Ligand SMILES: Nc1ncnc2c1ncn2[C@@H]1O[C@H](COP(=O)(O)OP(=O)(O)OP(=O)(O)O)[C@@H](O)[C@H]1O
Ligand SMILES: [Mg+2]
């Protein structure tokens, strides 16, 4: 199984540079997810690995060998794209085995392979159906199976679930996670859906504007985002951000903003106290805010409820803290009225601070 190394990859279209030196190492059997907003360069990166786009500068190494001069067919990889084109006149088995039959592999081998991959993606009972008689998710799985049948060591996926509805998407996501465990291949998966990224990835690479912002395990990114962009991108509902100033008072360190003065604890207090600027951005996830009418003011945010959205067991409340927006979650059983003022205790381990100028984590 190969390792993949993107060595300072640069992509230019004419005079415009869209990838500015992508540096990435993917270990054996790793499920790597490239995630980021539209236009950040995810597909371009993937297409360069596939050989569908030229590399403007830098190199791609597979198992230590440069591959950027190789044709796509010589790169030992399989791809699944968003618009997975199946052959409509062929049944599922024929679609899956197309490449193998083209390569004139023995019939017994082809049949065995079709059986094996169909079982992997849960399509055994649909082998004789034509794509037109399958659901979107089933068609998606045929595309996956077709890629798996190639027996490549690297799999590339570009938003393969984006055509599906929310329920099917969730179902396919779970199946993909199971399947990737089973096949143990190198997967590079592109999505702009951070939930997909969090649930599937061994490692997430967050991109923005042609740069890698951060890479790490889902947990690392969630707990220790290096900047405000990553902090706001990873996690759902997203992190809240409040502007404030770092202040020393009575031997303690506070973040003081419009409508709040939060006392900092431990290492966070020390980092804030020694930071060069006094202006900061406080970041707190909704999951680190707990409804608590008794919480002391210096460990809580006092919020005015603007809108309550019922989403089942939890309600999501859109609130104001002073002039800034804050989103919190609350047990739906708790009665809340618009315009009500509620206190939410801040989990001291869930406090993030960012430099207000360059937005890096403090
Ligand atoms: N053929 C091209 N010519 C010029 N610019 C291009 C070309 N293809 C892509 N780009 C630009 O490169 C940048 C990265 O595009 P890319 O398709 O990689 O984004 P993406 O992250 O996959 O976005 P999305 O989530 O919308 O698919 C964009 O600014 C895009 O406009
Ligand atoms: Mg794309």
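All of the numbers you see were taken from the coordinates with simple rules; none came from a lab. Nothing here was measured: the structure is a model prediction, and the numbers come from that model. Positions of Cβ are backbone-derived with ideal geometry, glycine not excepted, and every protein chain shown enters the neighbour counts.
Using only Cα atoms, find the angle between the long axis of helix 107-120 and the longest principal axis of the chain, and express it within 0 to 90 degrees, rounded to the nearest 10.
That helix lies at roughly 20 degrees to the long axis.
Relative contact order of the range 89-244: what whole-number percent is it, with Cα pairs under 8 angstrom and at least 6 residues apart?
With pairs under 8 Å counted, the relative contact order is 16 percent.
Given 10 Å bins starting at zero, what is the percent of C-alpha pairs of the range 64-210 in each, up to the one with the largest pair distance?
11, 40, 35, 12, 1
Compare 178, 142, 255 in a GNM of the chain, Cα atoms joined below 10 Å, and give the one with the largest fluctuation.
Judging by the Gaussian network model, the answer is 178.
I need 84, 13, 189, 211 ordered by Cβ neighbour count within 10 Å, fewest first.
The most exposed by this proxy come first: 13, 211, 84, 189.
Just to compare against my own numbers: the Cα pair-distance distribution for the chain, 20 Å bins, whole % per bin, please.
Here the calculated profile for the chain is 26, 45, 25, 4, 0.
Taking the Cβ-Cβ separation of residue 307 and residue 16 as r and a Förster radius of 51 Å, what is the calculated FRET efficiency to the nearest 0.05?
Calculated value: 0.80.
Express in nm, to one decimal, how much length is gained between residue 61 and residue 94 on full extension, taking 0.36 nm for each residue of separation and deducting their alpha carbon distance.
Extending this stretch completely gives an extra 8.5 nm.
Provide, for q = 0.15, 0.23, 0.30 Å⁻¹, the log10 of I(q)/I(0) from a solvent-free Debye sum over equal Cα point scatterers in the range 37-89.
The calculated log intensity ratios at q = 0.15, 0.23, 0.30 Å⁻¹ are -0.50, -0.96, -1.28.
Quick one: order 204, 362 by neighbouring beta-carbon count within 10 Å, fewest to most.
362, 204
What is the ratio of the Cα radius of gyration of the range 168-275 to 2.2 N^0.38 Å, where N is its residue count, to two decimals?
1.42
For the range 298-312 and the range 345-362, what is the separation of their Cα centres, given in Å?
20 Å
For the chain, modelled as a GNM with alpha-carbon contacts under 10 angstrom, which of 240, 186, 349 fluctuates the most?
The residue that fluctuates most here is 349.
Is the shape of the range 200-358 best called rounded, prolate or oblate, per the rule: a/c under 1.5 gives rounded, else a/b larger than b/c gives prolate, else oblate, with a ≥ b ≥ c the square roots of the Cα gyration tensor eigenvalues?
oblate
So the label point goes 7 Å from the Cα of residue 270 along Cα→C-beta, right? Which residues of the range 216-254 then have their backbone N under 16 Å from it?
Only 252-253 fall inside the zone, counting backbone N under 16 Å.
What distance in nm separates the simple spin-label points at residue 250 and residue 314, each placed 7 Å from Cα in the Cβ direction?
The modelled label-to-label distance comes out at 3.3 nm.
Which whole-number percentage describes the relative contact order of the chain, with Cα contacts under 8 Å and a sequence gap of 6 or more?
This gives 15 percent for the chain.
How much space per residue, in cubic angstrom, does the convex hull of the C-alpha atoms of the range 44-126 take up?
Spelled out: Cα convex hull of the range 44-126, divided by residues, is 137 Å³.
Looking at the chain as a GNM with Cα springs under 10 Å, which of 175, 329, 270 has the largest mean-square fluctuation?
The residue with the greatest mean-square fluctuation here is 270.
What angle, in degrees between 0 and 90 and rounded to the nearest 10, separates the Cα long axis of helix 92-102 from the longest principal axis of the Cα atoms of the chain?
The answer is roughly 60 degrees.
Which ordering of 344, 241, 31 is given by a fewest-first count of other beta-carbon atoms within 10 Å?
241, 31, 344
Can you give the helix-only mean residue ellipticity at 222 nm for the chain, where every DSSP H stretch with n ≥ 4 adds -39500 (n - 2.57) and the sum goes over all residues, rounded to the nearest 500 deg cm²/dmol?
That calculation yields -7500 deg cm²/dmol at 222 nm.
Against the longest alpha carbon principal axis of the chain, how many degrees, from 0 to 90 and to the nearest 10, is the axis of helix 136-149 turned?
Helix 136-149 sits at roughly 60 degrees to that axis.
Quick one: Cα centre-to-centre distance for the range 1-71 and the range 78-97, in angstrom?
Comparing the Cα centres of the range 1-71 and the range 78-97, I get a distance of 25 Å.
Quick one: check the C-alpha center-to-center distance for the range 144-182 versus the range 210-251, whole angstrom.
So the separation of the two Cα centres works out to 30 Å.
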